[in-house]
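Accompanying notes for the structure given below.
The values are calculated or read from the model by the stated rules, or taken from the named source; none is laboratory data. None of these values were measured; they are calculated from a predicted model. Cβ placement follows ideal geometry from the backbone for every residue including glycine, while neighbour counts extend to all protein chains displayed. Only protein heavy atoms, including side chains, enter the accessible area calculation; ligands, DNA and RNA are left aside. Shrake-Rupley method; radii C 1.70, N 1.55, O 1.52, S 1.80 Å.
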Amino acid sequence: MQILHIDCSPRPDGQSRVISAAIVARLRALEPGAAIVWRDISALPMPDAPYAALLAHPDDVTPPPAARGSIALSETLIREIEDADILVLGTPVHNFTVPAALKSWLDHVVRVNRTVALSAQGKKGLLTDRPVLVGVAAGGVILGDDAQQPDFFTPYLRAVLGCIGLHNLHVVSVQGTAFSDASAKAAALENALSALSPVLSACTEAELSRDIPAPHV
């Protein structure tokens with residue numbers, strides 16, 4: 001089993017990094033042999049001009065054999081998803097939605113004719129679905145009955161990942177970090193992880209059973 005662990009907080013000690021690391025640790029406890037591929041996208045550049053042209057006219061622009069810049073980076077990031085059995089994403093909430101670094105990663109992996117197909121019926125994801133475990137740190141309260149602001153973050157992330165075929169999304173959130181002390185954050189994280197435990201067990205069991213070769217008849 002391979003886990004793709006992605007962090008995007010610009011802060012090395014960001015709470016979302018703590019959450020994503022805790023999720024990965026729980027997965028490793030369930031499956032000690034899991035391989036971890038870690039990608040820090042906090043400084044990921046925005047797509048360059050050739051890549052923007054590819055997005056604007058996907059049927060007219062053919063990537064060169066030795067693609068460089070954002071096109072090559074896009075291919076690398078997409079292959080990391082394809083190679084993973086489970087994705088773990090740690091992200092803060094910035095100004096109601098995803099931070100700039102995560103938006104850049106999404107712009108690199110949501111690519112027409114590569115991860116999403118366009119048709120008269122709408123967009124169709126070209127990636128095989130797999131669990132996506134999202135560790136979210138929010139300074140305010142954006143989720144649940146006590147939300148203090150609109151939640152644009154979760155619907156957007158579900159929609160954009162869903163359009164490339166990733167629908168199995170689970171959110172682990174620690175909210176109110178702007179006015180919580182360390183013990184309150186730790187307690188909130190433990191509660192969130194406890195609620196996620198059945199999902200983690202199901203994810204590892206499903207991937208392990210898929211990895212076991214069928215017996216010869």
statement: Most packed first (mean Cβ within 10 Å per residue), the peptides 139-145, 116-122 order as 139-145, 116-122
- request: Please state, as a whole number in µm²/s, the translational diffusion coefficient that the Stokes-Einstein equation yields for the stretch 146-205 at 4 °C and 1.567 mPa s, with Rh defined as the Kirkwood radius across alpha carbon pairs.
  value: 95
field: Pairwise label distance in nanometres, Glu190 with Leu118, each label 7 Å out on the Cα-Cβ vector
entry: 5.1
- line: Kirkwood Rh for the stretch 1-99 from C-alpha pairs, in Å, is 15.3
Estimated inter-spin distance, Ala100 and Ala35, nm [label 7 Å along Cα→Cβ]: 3.4
message: Give me the base-10 log of I(q)/I(0) for the stretch 58-164 at each q in 0.14, 0.15, 0.16 Å⁻¹, Debye formula, one uniform scatterer per Cα, rounded to two decimals.
response: -0.65, -0.74, -0.82
field: Inter-site label distance for His170 and Asp151 at 7 Å from Cα along Cβ, in nm
entry: 1.7
message: Looking at the chain only, what percent of DSSP beta bridges run antiparallel? Nearest 5 please.
response: 15
statement: Under 5 Å from the placed amide H of Arg114, counting only residues 5+ away or on other chains, we find none
task: Report the net charge of residues surrounding Trp105, where surrounding means a beta-carbon distance below 13 angstrom and charges are Lys +1, Arg +1, Asp -1, Glu -1.
output: -1
message: I'm a student and want to see the number: the projected area of the Cα convex hull of the chain, averaged over all directions, in nm².
response: 15.1
field: Solvent-accessible area per residue for the chain (1.4 angstrom probe, square angstrom)
entry: 50
message: Quick check on the chain: helices-only [θ] at 222 nm, where DSSP H runs of length 4 and up contribute -39,500 (n - 2.57) each and the sum goes over total residues. Nearest 500, please.
response: -13500 deg cm²/dmol
statement: Partner aspartates and glutamates whose C-alpha sits under 18 Å from that of Lys103, ignoring same-chain residues fewer than 8 away, are Asp7, Asp40, Asp48, Glu75, Glu80, Asp151
